[in-house]
Amino acid sequence: MAESNNPSADDGASRAELLQALRDARLENERLNAEIAELHDERALAPKKKRGKTKEEREEREEPNRMGYKAHVLGWAKRFLSTRALFVDKSMFCARPNPPSDPFESGEAYAQSVTIALYEEIPKSFHELLDTSKYQGLAKALVSEHSSARSVLITSIRGLICSMLPEVASEVNVLLAATADRSNNPVLEALLKFHDEQKLTPFAPVLFPGFKKDMTKLFLGPAVLKVHRLMYFGPKGLTGKPAGNANGLKICLKSVTASSIAQAATLLRFVLSPDTEWSSTGAISKINWEADYRSYVRMLTVNGNMDHVKKIFKVFQDFVFSGIKAGDGVGLNDDAGLNDGMEAEIAEAMHQFELGDSGVDP
């Protein structure tokens, strides 16, 4: 058996050396857990030996696998999650609507924009399957795969959060266990709200470089960038060349999007939050995750022509695709839980973002 390089008490190691060895072991354990989660996902999706009538065969009798869409649906779901929408449900599968004048003016308008995105992402030859009034199979399969991919992604982020955000290494036990009690944790709260804020708000310190609120640098916190890199290129992509089966290579991702940046920010906050189960509104935190995600997408989309927003996209593009060669394959209307003072703070922060104002006194 190979000898361990880690110091032990018998070696006369100092307390500092022992603590560092413990931290290194924990980080390695996080990395391995994240890889195990990905392998588990792949194994779950692998074909199983047939024993009599399989579930797929039973479903086939009810709704045929029209045009062989089942062979493509996993790739479509992963790509749609990665680039277009963090939330999707069966109600969005319908006849193609006319583009709304403002996709962010209401929940209905936003849902219509997601429906249009489905028609843009899925090949035209399958469009007739996108209307659930005519066919249910594709909608059910894509929503299910989209949800599963999101769950695996959250597990991967949680498993590697301490290596992406060293500031939380002291809280490794409560972060690695999804069901651990993270309420009233001072280390995590300091990353989710500024000292003068009473409640968790969308513009958390962890989203900014140096944890300093500067609305022109929103989303540029190092941990957000790392979460995005993980989203596209998996655990190995964080430390070097991604594995050949990384999503970004398998489904040929070429660029970041407003949705992907918003998703990285949303999921990072979620993993640090008190919530133990994913849902559109946190059962413990009461944060409307879907509304926050939509507000991020809106900010990046509506202000896309502004210099500081262009810089945000460039920083993400350069970081996420660093070392990746071309040949490698690659709702604002819901204010539940907010008091008037917090609404004013959020409105002012968004105003600063839209004006390119840092919000910091010179």
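The values are calculated or read from the model by the stated rules, or taken from the named source; none is laboratory data. It should be emphasised that the depicted structure is a prediction, and the values quoted were computed from it without experimental measurement. Here the Cβ positions follow ideal geometry from the backbone for every residue, glycine too, while neighbour counts run over all protein chains shown. The accessibility values were calculated without ligands, DNA or RNA, using every heavy atom of the protein model including side chains. Shrake-Rupley method; radii C 1.70, N 1.55, O 1.52, S 1.80 Å.
Is the range 126-246 best put as rounded, prolate or oblate by its Cα gyration tensor, with a ≥ b ≥ c the root eigenvalues, rounded for a/c under 1.5, and otherwise prolate when a/b is larger than b/c, oblate when not?
Prolate, because a/c is 1.5 or more and a/b exceeds b/c.
What are the ³J(HN,Hα) couplings of the range 272-288, residue after residue, when phi is run through the Karplus curve with 6.51, -1.76, 1.60 and θ = phi - 60°? Round to Hz, x for glycine and proline.
These are the phi-based 3J(HN,Hα) values: 7, 7, x, 5, 9, 9, 6, 7, 4, 10, x, 5, 9, 6, 6, 6, 7 Hz.
Using a 1.4 Å probe on the protein chains only, how many percent of the accessible area of the range 65-145 belongs to carbon and sulfur?
Working: 1830 of 3710 Å².
Its accessible area is 49 percent carbon and sulfur atoms.
Let's test the formula: R0 of 30 Å, r as the Cβ-Cβ distance of S144 and K199. What FRET efficiency results, to the nearest 0.05?
Numbers: r = 34 Å, r/R0 = 1.13.
Taking R0 as 30 Å, the efficiency between S144 and K199 is 0.30.
Determine the per residue accessible area of the range 144-225 with all protein chains present and a 1.4 angstrom probe, expressed in square angstrom.
On the way: 3280 Å² over 82 residues.
It amounts to 40 Å² per residue over the range 144-225.
Could you give each residue of the range 306-313 its phi-based ³J(HN,Hα) in whole Hz, using Karplus coefficients 6.51, -1.76, 1.60 with θ = phi - 60°, and x for Gly or Pro?
Residue by residue, the range 306-313 yields 7, 4, 5, 6, 4, 5, 4, 4 Hz.
In this model, which of K78/K140; K254/K325; K213/K286; K140/K250 are farther than 19 Å apart at the alpha-carbon?
Details: K78/K140 15 Å; K254/K325 10 Å; K213/K286 23 Å; K140/K250 23 Å.
With Cα atoms farther than 19 Å apart: K213/K286; K140/K250.
Step through the residues of the range 124-131 one at a time and calculate ³J(HN,Hα) from phi using the Karplus curve (6.51 cos²θ - 1.76 cosθ + 1.60, θ = phi - 60°), rounding each to whole Hz and writing x for Gly and Pro.
After applying 6.51 cos²θ - 1.76 cosθ + 1.60, I find 4, 5, 9, 4, 5, 8, 7, 9 Hz.
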